[in-house]
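The values are calculated or read from the model by the stated rules, or taken from the named source; none is laboratory data. Since the structure is predicted, the reported quantities are computational estimates derived from the model, not experimental observations. Glycine gets a Cβ as well: all are built from the backbone with ideal geometry, and neighbour counts include every protein chain shown.
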Amino acid sequence: MTQRARLGVHVLSFLLVAAVFTGCGSSEPSAGGQEVPEWYLNTPEDPNYVYAANTSTSQRMQVAIDKATTGARGDLAASLETKIESMTKSFTEEIGDDLRQQYTEAQKEITSQVLKGTSPKQKEVFQQDNGTWRAYVLMELPVGEAAQEFLSKMNSMNKEDEMYTRFRSSQAFKEMKEAVDEYEKEQESGMASQNGSNR
């Protein structure tokens with residue numbers, strides 16, 4: 001084998017080894033040299049929670065975080081409304097247009113109230129190669145908390161109100177009550193374990 005041929009074999013071997021090592025690197029997409037969080041690529045799924053992930057950039061770190069948080073809250077609102085609508089679909093089909101409008105307004109008001117108290121469950125921020133900041137935010141909201149607020153709103157209505165009466169006897173009320181009961185159990189369990197660890 002000539003010297004040139006041996007050199008060609010060495011170069012080819014080097015390229016093959018480099019390709020193997022490149023393939024063994026991170027399989028996650030990256031942005032600015034930083035790995036994209038797994039929870040952003042695959043948003044968690046849980047029947048008892050609603051999740052929303054969002055990302056944003058800005059020249060200022062806090063602005064990037066705020067923008068990502070606002071975007072995630074908007075996505076969370078849409079997911080939460082869809083979740084509540086699926087629970088109350090049969091009920092809204094039964095009631096007339098007047099009551100449906102009243103019900104929809106109450107639902108949107110409750111969604112807005114619940115989202116005000118939410119804060120990011122996960123948050124990752126890094127500076128990109130061009131100097132801008134990128135923030136990733138994951139929002140989490142227990143379905144039971146939203147259902148609790150919804151039932152509280154319905155219970156504050158006039159007990160003679162037709163919508164209140166019909167809702168109390170609907171399947172939607174039973175499903176929401178179950179979600180609230182599950183949420184309250186989780187809260188109590190969390191408080192008990194916290195008190196136990198403080199002793």
> From the set of residues in region 134-169 that are touching a residue at least 24 places away in the same chain (Cβ under 8 Å), closer than 22 Å to N48 by Cα and more than 15 Å from the chain's Cα centre (by Cα), which is surrounded by the fewest Cβ atoms within 10 Å (Cβ to Cβ)?
Replying inline: K153
> Can you tell me which residues in region 92-118 are closer than 30 Å to Q59 by Cα and free of Cβ contacts under 8 Å to residues at least 40 places away in the same chain?
Replying inline: S112, K116, G117
>> Could you go through region 107-114 and let me know if any residue there is under 25 Å from F173 (Cβ atoms), in contact with a strand residue (DSSP E or B) (Cβ under 8 Å, 6 or more places away or on another chain), modelled with pLDDT of 80 or more and surrounded by 19 or more Cβ atoms within 10 Å (Cβ to Cβ).
In response: yes
> Counting just the residues of region 32-63 that are acidic (D, E) and outside any strand (DSSP E or B), which one comes out farthest from G74 (Cα to Cα)?
Replying inline: E38
> Can E182 be described as within 30 Å of T69 (Cα to Cα) and surrounded by fewer than 19 Cβ atoms within 10 Å (Cβ to Cβ)?
Replying inline: yes
